[in-house]
1. Determine the share of the chain's accessible area contributed by carbon and sulfur atoms, expressed in whole percent, with a 1.4 angstrom probe.
2. Using label points projected 7 Å from each Cα along Cα→Cβ, tell me how many nm separate residue 97 and residue 25, to one decimal.
3. Give me the count of lysine pairs in the chain whose alpha carbons sit under 24 angstrom apart, restricted to pairs 8 or more positions apart or on different chains.
4. Calculate one ³J(HN,Hα) per residue across the stretch 49-62 by plugging θ = phi - 60° into the Karplus curve 6.51 cos²θ - 1.76 cosθ + 1.60, and present them in order as whole Hz with x for glycine and proline.
5. For the chain, what does the accessible surface come to per residue with a 1.4 Å probe? Please give it in Å².
6. Mind checking the stretch 10-56 for trypsin sites (Lys or Arg not before Pro) that DSSP puts in a loop (not H, G, I, E or B) and that have at most 10 other Cβ atoms within 10 Å?
7. Taking the simple approach of a point 7 Å from Cα along Cα-to-Cβ for both residue 70 and residue 36, what is their distance in nm?
Amino acid sequence: MTVVSIQQQEFRTKFDEFWNWYPLKKGKPKARALFDKITSDGGLSTRTLCKDSGTYLDIHLEATPDELIDGAEKLFRSLIPPNQYTPDTTYCPHPTTWLNQGRWEDE
């Protein structure tokens with residue numbers, strides 16, 4: 001029998017809510033790991049390539065689960081064409097890309 005803490009259950013519920021909103025269902029295990037790191041105490045420090053200069057930038061990603069869920073919902077709604085009910089995921093980033101780039105902060 002596996003014992004799951006209340007905190008672990010809450011995380012799973014929050015991630016599942018994020019996953020339900022995210023329009024492109026690819027790479028769930030990696031997305032779950034990033035979600036966990038970004039929402040944990042201290043967040044996630046990583047590097048990203050600046051295409052303009054060709055150099056790497058150090059970035060720090062930190063958010064609450066609700067901020068990531070809200071961002072995923074916003075993305076989902078932005079991809080729904082007029083008079084349609086489902087999002088067009090043609091140009092939707094993979095969830096791991098979206099999380100690694102801090103895209104929940106996009107306008």
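The values are calculated or read from the model by the stated rules, or taken from the named source; none is laboratory data. All of these numbers come straight from a predicted model, not from anything done at the bench. Note: ideal-geometry Cβ built from the backbone for every residue, glycine included; neighbour counts use all protein chains shown. What goes into the accessible areas is simple: the full protein's heavy atoms, side chains included, and nothing from ligands, DNA or RNA. Shrake-Rupley method; radii C 1.70, N 1.55, O 1.52, S 1.80 Å.
1. 49
2. 2.0
3. The number of close lysine pairs in the chain is 15.
4. Working through the residues one at a time gives 7, 7, 5, 5, 9, x, 10, 8, 10, 7, 10, 10, 10, 8 Hz.
5. Heavy-atom accessible area per residue stands at 71 Å².
6. Answer by residue number: 51.
7. 2.6
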